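Take a look at the structure set out below.
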Amino acid sequence: MDVLKINGKEKEFTAGQFPATLAELLEQLGVEAATVVAEVDGDIVERENFARTRLAPGGSIELVRFVPGG
């Protein structure tokens, strides 16, 4: 199984289910890209680059969600 660390927690992906890009990961997690700021392996990723940002097993992803209200 391939693993990504997402917000400090390991998530395992079965064969063939590992997301190739950050955009695919967000889709699998049910997270709307417009509502998050993402960091991949310590680098902040611009929203327009989510679909071009490749993921590799063992990588570290931080997702910060915007919540309306206050």
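Read-outs: derived from the displayed coordinates by stated rules, not from any lab. Everything numeric here is computed off the predicted structure, so don't read it as measured data. Note that each Cβ is placed from the backbone with ideal geometry, even for glycine, and that neighbours are counted across all protein chains shown.
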> So who's got an amide H within less than 5 Å of the one on Ile6, skipping anything under 5 residues away but keeping other chains? H placed 1.01 Å off N, in plane.
Replying inline: Lys11, Ile61
>> I'd like the Kirkwood hydrodynamic radius of the chain, using the inverse of the mean 1/r over distinct C-alpha pairs, in Å.
In response: 12.3
> Residue by residue, what Karplus-based ³J(HN,Hα) values in Hz, rounded to whole numbers, does region 50-65 have, using 6.51, -1.76 and 1.60 with θ = phi - 60° and x for Gly and Pro?
Replying inline: 4, 6, 9, 8, 6, 10, 10, x, x, x, 10, 10, 10, 10, 10, 9
> Ordered by residue, what ³J(HN,Hα) values in Hz, to whole numbers, does region 27-32 give under the Karplus form 6.51 cos²θ - 1.76 cosθ + 1.60, where θ = phi - 60° and Gly and Pro are x?
Replying inline: 4, 4, 7, x, 9, 6
>> Taking 0.36 nm per residue of sequence separation and subtracting the Cα-Cα distance, how much length would be gained by fully extending the chain between Thr35 and Met1, in nm to one decimal?
In response: 9.4 nm
> In nm, to one decimal, how far is the modelled label at Glu27 from the one at Val67, with both set 7 Å along Cα→Cβ?
Replying inline: 2.8
>> How would Val36, Val67, Val31 line up from fewest to most surrounding beta-carbon atoms within 10 angstrom?
In response: Val67, Val31, Val36
